[in-house]
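First comes the structure, then the notes that go with it.
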Amino acid sequence: MNILRFSWRDFRNLPGGELLPCPGVNVMRGRNAQGKTNLLEGMWLFTGERSFRGAKDADLVRRGAQRAEIGLRFFGGGREQEAKIRVENGRKSAELNGVAKRSCSALIGEFRAAVFSPEHLSLLSGGPAGRRNFLDAAICQIRPAYAAAVAEYGRCLAERNALLKDIPAHAELLDTVEVWDLRLARAGKKISSFRRRYVEKFAGLAADFYGGMCGGSETLELRYEENAPDLAKALRESLKSDLALGYTSAGPHRDDLAAKIGGLDARAFGSQGQKRSAVIAMKLAEAQLLGEAAGEPPVVFLDDVLSELDARRRDYLLNGIGGFQVFITCCGGEADSLAENGALFTVDLGQAAQAPHPRPGV
Ligand SMILES: Nc1ncnc2c1ncn2[C@@H]1O[C@H](COP(=O)(O)OP(=O)(O)OP(=O)(O)O)[C@@H](O)[C@H]1O
Ligand SMILES: [Mg+2]
């Protein structure tokens, strides 16, 4: 899957223009606050997902303008396609190949992409909830049945938690816990089995990408940590304490994805560059699995990845990934080792223009 043309009018700080990217690595270079991330965000919106910046729709319209319009011509599903998104009165609407869609989320699955933005560093530095959400979202993208399993688990968990709170005042309800324990254990088993199978492949791919970035000098180990491998037993054993707590303490809602770099816990011991590399490797592994499931590789957006990385790691991201169309933003000369089949664009005051290749003579 790749983008052939991205165009915009009054989107964020971008008054109007177009971008004709190459099928390989596209570097968007410019000073701070010129519109580089805005360009990535605009293209990302065609995935049908929310902005990776968590922005309100109204914020997407250029200040002072009435509406924003963005267009994407892309190759996907074996043919050239054209999508349009318009933002007006605080709402988005979408069109695909000339047909109006009910909402932007109807574009999900039509144009696929993976994104790394600096906020994603919280994936390693933050708590386990972020890692669980990452896993769940990644699995949902490739296994639609997983969303139903997550919803069922959430419902059983909410029921059991409500029961735990009611029992102290209604002792007769104690007998009904067993029913919910059974259902919760069954739903939980599904969740952990989906996650375990995903991490089995995902961990190996992320380790490969990480190894590529650091030239094999360090290892990244990702492991799915199950809080209660035998959930039925754990629920039985923790009932007393759960009643005192008023919530369920065991189950996949407490699982984690542990990351070790060079044998040490990445969260506690990882350097800035190591953590950044590990999160990028995780995002690339996610993209690889998404591509395998969909039958064509997604587009990869890497916002601000080159800072904090040494020359070898930068070079790998610029020239070593292969198989994906990639968009990378940077501020200065960090992309000077871009291979000759890559393209450089400068972004200045909301205008994007193709620039001469950074390596003279290429
Ligand atoms: N709706 C809007 N209307 C006008 N300007 C906006 C709007 N939304 C964001 N901007 C402006 O867009 C500018 C560029 O933002 P962007 O995040 O794309 O910069 P960037 O080139 O990625 O910079 P950096 O290198 O610092 O990440 C910001 O100064 C911001 O104030
Ligand atoms: Mg930016």
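The values are calculated or read from the model by the stated rules, or taken from the named source; none is laboratory data. It should be emphasised that the depicted structure is a prediction, and the values quoted were computed from it without experimental measurement. Heads up, the Cβs are rebuilt from the backbone with ideal geometry, glycines too, and the neighbour counts pull from every protein chain shown.
Filter the range 162-205 for residues that are free of Cβ contacts under 8 Å to residues at least 60 places away in the same chain and of a type in the set (S, T, N, Q) and give the result.
Selection gives Thr176, Ser193.
Got a sec? Which of Glu80, Glu88 is touching a Phe, Trp or Tyr at 6+ places or on another chain (Cβ under 8 Å) and touching a residue at least 12 places away in the same chain (Cβ under 8 Å)?
Values: Glu88 fails: touching a Phe, Trp or Tyr at 6+ places or on another chain (Cβ under 8 Å).
The unique qualifying residue is Glu80.
Go through the range 10-28 and give me each residue that's within 16 Å of ligand 2 (Cβ to nearest atom) and closer than 26 Å to Leu123 by Cα.
At the first step, the residues of the range 10-28 found to be within 16 Å of ligand 2 (Cβ to nearest atom) are 11-14, 19, 26-28.
The answer is Asn26, Val27, Met28.
Tell me, which residue of the range 318-333 that is within 16 Å of ligand 2 (Cβ to nearest atom) and surrounded by fewer than 19 Cβ atoms within 10 Å (Cβ to Cβ) is nearest to Phe116 (Cα to Cα)?
Among them, the one singled out is Cys331.
Report whether or not Val347 is within 24 Å of the chain's Cα centre (by Cα), surrounded by 15 or more Cβ atoms within 10 Å (Cβ to Cβ) and either within 21 Å of Gly216 (Cβ to Cβ) or modelled with pLDDT of 95 or more (or both). Before you say what the answer is, go through the steps one by one.
Working: within 24 Å of the chain's Cα centre (by Cα): no; surrounded by 15 or more Cβ atoms within 10 Å (Cβ to Cβ): yes; either within 21 Å of Gly216 (Cβ to Cβ) or modelled with pLDDT of 95 or more (or both): yes.
So Val347 fails the test.
Looking only at the range 140-153, which residues are of a type outside the set (S, T, N, Q) and in contact (Cβ under 8 Å) with a residue 24 or more places away in the chain? Show your work before the answer.
Our first condition is that a residue be of a type outside the set (S, T, N, Q); within the range 140-153, this holds for 140, 142-153.
If the condition is that a residue be of a type outside the set (S, T, N, Q) and in contact (Cβ under 8 Å) with a residue 24 or more places away in the chain, then Ile142, Arg143, Tyr146, Ala149, Val150, Glu152, Tyr153 are the ones that fit.
Being surrounded by 20 or more Cβ atoms within 10 Å (Cβ to Cβ) and within 27 Å of Asn319 (Cα to Cα): is that true of Leu14 here? Spell out the reasoning first.
Details: surrounded by 20 or more Cβ atoms within 10 Å (Cβ to Cβ): yes; within 27 Å of Asn319 (Cα to Cα): no.
No: the conditions fail for Leu14.
I want to confirm something. Restricting to the range 298-317 and keeping residues that are assigned to a helix (DSSP H, G or I) and surrounded by fewer than 24 Cβ atoms within 10 Å (Cβ to Cβ), which single residue is nearest to ligand 1 (Cβ to nearest atom)? Break it down into steps so the answer makes sense when it comes.
Residues of the range 298-317 that are assigned to a helix (DSSP H, G or I), as a first pass: 311-317.
With the extra rule that they be surrounded by fewer than 24 Cβ atoms within 10 Å (Cβ to Cβ), the set shrinks to 311-316.
Numbers: Ala311: 20, Arg312: 23, Arg313: 19, Arg314: 16, Asp315: 21, Tyr316: 22 Å.
Selected residue: Arg314.
Would you mind stating whether Gly320 is closer than 21 Å to Arg276 by Cα and within 12 Å of ligand 1 (Cβ to nearest atom)? It would help to see each step written out before you state the result.
Values: closer than 21 Å to Arg276 by Cα: yes; within 12 Å of ligand 1 (Cβ to nearest atom): no.
No, not satisfied.
Looking at the range 61-75 only, could you name the residues that are in contact with a Phe, Trp or Tyr (Cβ under 6 Å, 6 or more places away or on another chain) and not aromatic (Phe, Trp, Tyr)? Before you say what the answer is, go through the steps one by one.
The first filter runs over the range 61-75 and keeps only residues in contact with a Phe, Trp or Tyr (Cβ under 6 Å, 6 or more places away or on another chain), leaving 68, 70, 72, 74.
Answer for the range 61-75, where residues must be in contact with a Phe, Trp or Tyr (Cβ under 6 Å, 6 or more places away or on another chain) and not aromatic (Phe, Trp, Tyr): Ala68, Ile70, Leu72.
Looking at Ala259, Ala278, can you tell me which residue is more than 16 Å from ligand 2 (Cβ to nearest atom), buried (at least 22 other Cβ atoms within 10 Å of the Cβ), at pLDDT 95 or above and in a strand (DSSP E or B)? First the steps, then the outcome.
Working: Ala278 fails: in a strand (DSSP E or B).
One residue alone meets the criteria, Ala259.
Would you check if Leu39 is near ligand 1 (Cβ under 8 Å from one of its atoms), surrounded by 22 or more Cβ atoms within 10 Å (Cβ to Cβ) and either closer than 29 Å to Gly322 by Cα or not hydroxyl-bearing (Ser, Thr, Tyr) (or both)? Steps first, answer last, please.
Numbers: near ligand 1 (Cβ under 8 Å from one of its atoms): yes; surrounded by 22 or more Cβ atoms within 10 Å (Cβ to Cβ): yes; either closer than 29 Å to Gly322 by Cα or not hydroxyl-bearing (Ser, Thr, Tyr) (or both): yes.
Taking the combined requirement at face value, the residue satisfies it.
Among the listed residues Glu82, Glu110, which satisfies the condition of being assigned to a loop (DSSP other than H, G, I, E, B) and away from ligand 2 (no atom under 16 Å from the Cβ)?
Values: Glu82 fails: assigned to a loop (DSSP other than H, G, I, E, B).
Exactly one residue qualifies, and that residue is Glu110.
Can you pull out the residues in the range 323-339 that are within 16 Å of ligand 1 (Cβ to nearest atom) and either among the hydrophobic types (A, V, I, L, M, F, W, C) or in a loop (DSSP other than H, G, I, E, B) (or both)? Outline the logic, then answer.
So in the range 323-339, the residues within 16 Å of ligand 1 (Cβ to nearest atom) come out as 327-335.
Selection gives Phe327, Ile328, Cys330, Cys331, Gly332, Ala335.
Return the pair list, or none, for Cβ contacts closer than 6 Å from residues in the range 49-63 that are in contact (Cβ under 8 Å) with a residue 24 or more places away in the chain and within 13 Å of Asp10 (Cα to Cα) to residues that are surrounded by 14 or more Cβ atoms within 10 Å (Cβ to Cβ) and acidic (Asp, Glu), at least 6 apart or on different chains.
From residues that are in contact (Cβ under 8 Å) with a residue 24 or more places away in the chain and within 13 Å of Asp10 (Cα to Cα), the pairs are Arg62/Asp10.
Which one of these does Val199 not meet: (1) out of contact with any strand residue (DSSP E or B) (no Cβ under 8 Å at 6 or more places or on another chain); (2) over 26 Å from Phe327 (Cβ atoms); (3) of a type outside the set (D, E, K, R)?
(1)
Within the range 45-56, does at least one residue satisfy the condition of being among the basic types (Lys, Arg), surrounded by fewer than 20 Cβ atoms within 10 Å (Cβ to Cβ), within 16 Å of ligand 2 (Cβ to nearest atom) and part of a loop (DSSP other than H, G, I, E, B)? Don't jump to the end; show me each part of the working.
Our first condition is that a residue be among the basic types (Lys, Arg); within the range 45-56, this holds for 50, 53, 56.
Pick out the ones that are also surrounded by fewer than 20 Cβ atoms within 10 Å (Cβ to Cβ) and you get 50, 53, 56.
When the remaining residues are screened for being within 16 Å of ligand 2 (Cβ to nearest atom), the result is 53.
From the residues that got through so far, the ones that are part of a loop (DSSP other than H, G, I, E, B) too are 53.
Yes, there is a match, as at least one residue in the range 45-56 is among the basic types (Lys, Arg), surrounded by fewer than 20 Cβ atoms within 10 Å (Cβ to Cβ), within 16 Å of ligand 2 (Cβ to nearest atom) and part of a loop (DSSP other than H, G, I, E, B).
Tell me, which residue of the range 58-75 that is in a strand (DSSP E or B) and either of a type in the set (Val, Ile, Thr) or surrounded by fewer than 19 Cβ atoms within 10 Å (Cβ to Cβ) (or both) is nearest to ligand 2 (Cβ to nearest atom)?
Keep residues of the range 58-75 that are in a strand (DSSP E or B), which gives 61, 67-75.
Among the residues that remain, those that are also either of a type in the set (Val, Ile, Thr) or surrounded by fewer than 19 Cβ atoms within 10 Å (Cβ to Cβ) (or both) are: 61, 67, 69-71, 73, 75.
Working: Val61: 19, Arg67: 24, Glu69: 22, Ile70: 17, Gly71: 22, Arg73: 24, Phe75: 26 Å.
By that ranking, first place goes to Ile70.
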